[in-house]
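The structure appears right after this line, and notes come after that.
Quick note: the coordinates plus some simple rules give every number you see, no bench work behind them. Remember, it's a predicted structure, so these values are computed and weren't measured experimentally. Here the Cβ positions follow ideal geometry from the backbone for every residue, glycine too, while neighbour counts run over all protein chains shown.
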Amino acid sequence: MTLLSATRTLVAGPPSRALRYLPASALVLDLSIVTLSALFAAWGRRRFDFYKTPADDASALAAVGFVVGIAWLALIALRGGYRDDLFGAGTEEYKRVVNASLLTAGLLGVGCYLAKYPLSRGYYQLLFAVGIPALVVGRFALRRAIQHARKQGKLQFRVVISGLPSHVDEVATALARESWLGYNVVGALTPRDDHRVHTDLGIPVIGECEEVTSVVKDHSVDVIFFASGALTSSTELRRIAWDLEQHDVQVVVAPRVTDVSGERVRIRPVGGLPLMHIDAPRSIDAIRWGKRLFDVTGALILLVLFSPLFLLTALQIKLADGGPVFFRQTRTGRDGAEFACLKFRSMVPDAEDRLHELRAALGHQRMLFKMKDDPRVTRPGRWLRRYSLDELPQLINVLRGEMSLVGPRPPLPSEVAQYASDVHRRLRVRPGMTGLWQVSGRSDLSWQEAVRLDLYYVDNWSILQDLNILAKTVGAVLRSRGAY
């Protein structure tokens, strides 16, 4: 189904009613977790008897648990933990839940001290030591369920984008790429002098930029995005916000800033003007000692863990055709330095010589050559490539300092020779055994999309992102998605 046909169907359909039940679902989940945490704290207090004090009266602990539970949930609500625009993405949801929980713990401790109420210390510590992490885990599970439902076409926000057609398509492309956000573009509003029926991406034009209020009413819009060209003056957005005040509509301004992580963006209002400050790219941080220490430690641990698998794999490769166990290929590393990238050999010994024949036979002109059912792949090589086990020897490259555990894909020198100027930025950091492109589709991705993801990684590096990519790599490998 094309984007155009999908959006036309959605314009005619009703908005997702299930969205209104998300705050209630989160409240029920939090209530269950707080209740179970209180029961566990009461049981643990009697079971472990941390401070060797007389046993507390069960009815007294039940009363305290009831009051604390109500106050806890009330503070989460007051801190905005049940806002309907909070679920599904970002860290704000977790921050509000944790901050409200810490505030509850602080107020309870101070209140008991001032009132001289003899609340069990063991109960107090267990309640929050278990309850706070459990709330975060519960919200995480709820988020994963929401994201899964959105990938299945449920819990969708009906979105209209206002602006110049080219900028509308730019925003729509970013929203379509992140389907788990649940933003379903149902139409576009373009300037009055634009008379097209739909944008180049196929989004139907359902009105003019000046008709925001009427379009929101007629099409039951959940979110209105303002892209470049949507507003003619600084006061127009304020007036539109006034007009939409009585409608349950989110207003989002989409600046022409893409592929910048939220950690690098700060909003500072100056004289009523919200200014966006963007921190410098973090490619320098990705080559400092902290990441290098992480790489060396991780590589040593993995080499020890996988040493039996190394021996088994080497034996199978040798028995299959008697050829060499390892395949060494010249790749380009940081700052253009070439190195011998190690892999378990998964192809016939003369695979490189037959590459030109395959390219010619298939008429392949792209940078990356990947084909399903490659005739050069050996019998043990098929399962090695399926689960990416052929790349395990690159742990040795990591120890040598030629590669990193996480980073852009190590390119061939012939690929680097064809790089455009912007693509050379991939070489600012060490190439990685895994990276954003691997956990986002691997060989199923186009060259342009793989480059975009690598450049995003270089500019927005963080150790948390590395850990997240490593965790996702396990799932990507087990699913064998895009591996051939």
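Details
- Reported value for segment 384-439: 93 Å³ per residue, from the convex hull of its C-alpha atoms.
- Given R0 = 35 Å, the distance between the Cβ atoms of residue 211 and residue 39 translates into a calculated FRET efficiency of 0.05.
- Mean sequence separation of contacting Cα pairs (under 8 Å, at least six apart), scaled by the length of the chain, corresponds to a relative contact order of 12 percent.
- Net charge dipole size for segment 109-164 [Lys, Arg +1 and Asp, Glu -1 on Cβ; Debye, nearest 20]: 260
- Over all Cα atoms in the chain, the spread is summed up by Rg and Dmax: 27.8, 85 Å.
- Helix content alone sets the calculated 222 nm mean residue ellipticity of the chain: runs of n ≥ 4 DSSP H residues at -39500 (n - 2.57) each, divided across all residues, give -16000 deg cm²/dmol.
- Amide H to amide H, with H built 1.01 Å from N, residue 404 comes under 5 Å of 432, 433, counting only residues 5 or more places away or on other chains.
- Loop-resident trypsin sites (Lys or Arg not before Pro) (DSSP state other than H, G, I, E or B) in segment 163-213 with no more than 15 further Cβ atoms inside 10 Å of their Cβ: 192, 196.
- Note on the chain: antiparallel DSSP beta bridges, both residues inside, total approximately 45 percent of the bridges counted.
- With the cut-off at under 14 Å, measuring from each backbone N in segment 374-393 to a point 7 Å along the Cα-to-Cβ line of residue 309 picks out 383-393.
- Quotient of Cα Rg and 2.2 N^0.38 Å for segment 17-151, N being how many residues it contains: 1.13
- Euclidean distance between Cα centres, segment 241-288 to segment 193-207, Å: 27
- Loop exposure criterion: GluC sites (Glu not before Pro), DSSP state outside H, G, I, E and B, at most 15 other Cβ atoms within 10 Å. Applied to the chain, the longest stretch between such sites is 246-484.
- Around the Cα centre of segment 32-162, unit charges on the Cβ atoms of Lys, Arg, Asp and Glu (plus for the first two, minus for the last two) sum to a dipole of about 400 debye.
- C-alpha center-to-center spacing [segment 290-315, segment 139-182] in angstrom: 38
- Leading residue at positive end of dipole, the chain (Cβ point charges), from 237, 316, 344: 316
- Simple rule: put +1 on each Lys or Arg Cβ and -1 on each Asp or Glu Cβ in segment 89-191, find the dipole, and look at 127, 173, 100; the Cα lying farthest toward the positive end is 127.
- Segment 259-322 - Debye-derived log10 I(q)/I(0), Cα point model, q = 0.14, 0.15, 0.22, 0.23 Å⁻¹: -0.70, -0.73, -0.93, -0.96
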